[in-house]
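**Student:** A single structure is presented below for examination.
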Amino acid sequence: MRIATWNVNSVRTRLDQVVAWLGQESPDVLCLQETKVTDELFPRSAFEDLGYQLAISGQKAYNGVAMLSLSPLEDVQIGFDALLSGDPGAAQLSEQKRVISALVEGVRVLNLYVPNGSALNSEKYPYKLEWLGCLKRYLAIQGDQGDPLCMVGDFNIGPEARDLPDPGRQTGGIMASTPEREALREALGENLSDVFRVFEPDTGHWSWWDYRSGAWDRDRGWRIDHIYLSEELLDCATGCVIHKATRGNIQPSDHAPVVVNLAWPPEE
């Protein structure tokens, strides 16, 4: 089972690239972020023609998440309030379309687009921390349900120094501040592991290259697109790879796909 995540930075702008990549790689599940389109305008047929079923949650021009699957998408849940119906903050935080999940072949696949936060002195920064706090409550309930969990997405956080090109200068700033990192660690708890780091401990592996300042040409990216697995899935993981080459496309997304391979379902 191959599960992929990709912030496409507008699914309609990048449609031909996504379709071409799907034709080459044929993942069982592809989770998209920053689709930037309302549900009724989502280009469904382009993916359905390839055999994918879809679950989408979008809004005009900003945010938006979608799931594509070759197997049935069951028990689709949209927004934090799908599990946190009595939580006073969940409904408000669900207004931005950033959370969608479904069961695929017995695996709960959770697709997230974590707020960027903009800058430490921006009003968007406390929103990001509030959002991560809600994610912690959401994951606690998700864990109680007992489904094997694969959580993917654009997390807009470099968890460690090795995930940044210049940690001496960038640590402490947006996407690498202590409150953001701690909020993410608290949300993950003890049962979710960063599968990429199981297979690749070294620095120099990026999933996002800023459009500005020649980041791609100088290969000065960040690793902010992650895949986290619960313990039972981690035991089934056989590899995790960043498909860096897509960032070299003409008019690319600033992110590259990340793919995990799972020997799932496990043999009896």
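The values are calculated or read from the model by the stated rules, or taken from the named source; none is laboratory data. On a predicted model such as this, the values are computed, not experimentally measured, just so you know. Don't worry about glycine lacking a Cβ; one is built from the backbone with ideal geometry, like all the others, and counts go over all protein chains shown. With ligands, DNA and RNA removed, areas are computed over all heavy atoms of the protein, side chains included. Shrake-Rupley method; radii C 1.70, N 1.55, O 1.52, S 1.80 Å.
**Student:** Determine which single condition residue 74 fails, assuming it passes every other condition in (1) touching a residue at least 12 places away in the same chain (Cβ under 8 Å); (2) over 19 Å from residue 44 (Cβ atoms).
**Tutor:** (2)
**Student:** I've got another one for you. Looking only at the stretch 81-105, which residues are open to solvent by 50 Å² or more (accessible area, probe 1.4 Å), touching a residue at least 12 places away in the same chain (Cβ under 8 Å), more than 26 Å from residue 264 (Cα to Cα) and part of a loop (DSSP other than H, G, I, E, B)?
**Tutor:** 96, 97
**Student:** If a residue has to be within 21 Å of residue 157 (Cβ to Cβ) and in contact with a helix residue (DSSP H, G or I) (Cβ under 7 Å, 6 or more places away or on another chain) to count, how many in the stretch 74-109 make the cut?
**Tutor:** Count: 6.
**Student:** Is it the case, given these coordinates, that residue 215 is crowded, with 17+ Cβ neighbours inside 10 Å, outside any loop (DSSP other than H, G, I, E, B) and not charged (D, E, K, R)?
**Tutor:** no
**Student:** Can you tell me which residue in the stretch 219-268 is farthest from the chain's Cα centre (by Cα), limited to those that are of a type in the set (Ser, Thr, Tyr) and not in a loop (DSSP other than H, G, I, E, B)? Steps first, please.
**Tutor:** Of all residues in the stretch 219-268, those of a type in the set (Ser, Thr, Tyr) come to 228, 230, 238, 246, 253.
Narrowing the set further to residues that are not in a loop (DSSP other than H, G, I, E, B) leaves 228, 230, 238, 246.
Values: 228: 9, 230: 15, 238: 19, 246: 17 Å.
It comes out as 238.
**Student:** While we're looking at this one, here's another question. List the number of the failed condition for residue 46; all other conditions in (1) within 23 Å of residue 108 (Cα to Cα); (2) open to solvent by less than 40 Å² (accessible area, probe 1.4 Å); (3) assigned to a helix (DSSP H, G or I) hold.
**Tutor:** Exception for residue 46: condition (1).
**Student:** Moving on. Please go through (1) part of a loop (DSSP other than H, G, I, E, B); (2) open to solvent by less than 30 Å² (accessible area, probe 1.4 Å); (3) among the aliphatic types (A, V, I, L, M) for residue 183 and return the number of the only condition it doesn't satisfy.
**Tutor:** Status for residue 183: all satisfied but (1).
**Student:** Against the condition in contact (Cβ under 8 Å) with a residue 60 or more places away in the chain and either surrounded by 15 or more Cβ atoms within 10 Å (Cβ to Cβ) or part of a helix (DSSP H, G or I) (or both), how does residue 134 come out, does it pass? Give the steps one after another, and end with the answer.
**Tutor:** Values: in contact (Cβ under 8 Å) with a residue 60 or more places away in the chain: no; either surrounded by 15 or more Cβ atoms within 10 Å (Cβ to Cβ) or part of a helix (DSSP H, G or I) (or both): yes.
No; evaluated as a whole, the condition is false for this residue.
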